[in-house]
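Take a look at the structure set out below.
Coordinate-derived values only; no laboratory data. Predicted, not measured: the structure shown is a model, and the values here were computed from it. In this analysis, Cβ positions are derived from the backbone assuming ideal geometry, glycine residues included, and neighbour counts consider all displayed protein chains.
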Amino acid sequence: MHSSKVKEEARLLRIRLGSAIANLRVKKGLSQVALSKQCHLAQSYLCDIEQGLANPTWSTLMALCQALRMPLVKLIMISELPLRKLTPLEKQLLEAAFSLFERAAPV
């Protein structure tokens with residue numbers, strides 16, 4: 001794969017992952033300050049992660065997942081969702097898959 005294509009895919013993945021983290025944080029009713037304190041991160045670093053500007057380590061992702069009570073695999077799945085609106089059937093299948101993950105690997 002061409003180097004510039006890999007860099008672009010990595011950039012898009014960071015943006016999608018950061019957006020998923022931000023959406024989950026908001027759904028949990030947490031501010032960036034509160035989540036960053038729970039994870040022992042600088043608030044500015046969490047902001048960079050959510051904007052797709054930072055490349056978080058696995059340990060940082062695991063700390064965020066623990067604070068958000070979300071299995072890492074589910075966070076990755078959420079970040080891979082299509083950017084378009086899901087159909088009712090896609091939503092139903094996705095909810096069933098998430099339910100299976102939560103039963104198999106509770107946080």
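Checking the a/c ratio against 1.5 first, then a/b against b/c, what shape does the Cα gyration tensor give for segment 3-104? Display every interim value, and only then the final one.
Details: a/c = 1.84, a/b = 1.18, b/c = 1.56.
The shape class here is oblate.
Got a sec to turn the phi values of segment 22-34 into Karplus ³J(HN,Hα) couplings, 6.51 cos²θ - 1.76 cosθ + 1.60 with θ = phi - 60°, whole Hz, x for Gly and Pro?
Running phi through 6.51 cos²θ - 1.76 cosθ + 1.60 with θ = phi - 60° gives 4, 5, 5, 4, 5, 4, 7, x, 9, 7, 4, 4, 5 Hz.
Hey, rough spin-label estimate for A34 and S3, points 7 angstrom out along Cα→Cβ, what's it come to in nanometres?
4.5 nm
Dipole magnitude of the chain about its Cα centre, charges +1 at Lys/Arg Cβ and -1 at Asp/Glu Cβ only, in debye to the nearest 20?
The calculation lands at about 140 debye.
Students often forget the sequence filter, so: which lysines lie under 26 Å Cα-Cα from K27 once same-chain residues fewer than 8 apart are removed?
Qualifying lysines at Cα under 26 Å: K37, K74, K85, K91.
Find how many whole Å separate the alpha carbon centroid of segment 2-19 from the alpha carbon centroid of segment 48-82.
So the separation of the two Cα centres works out to 14 Å.
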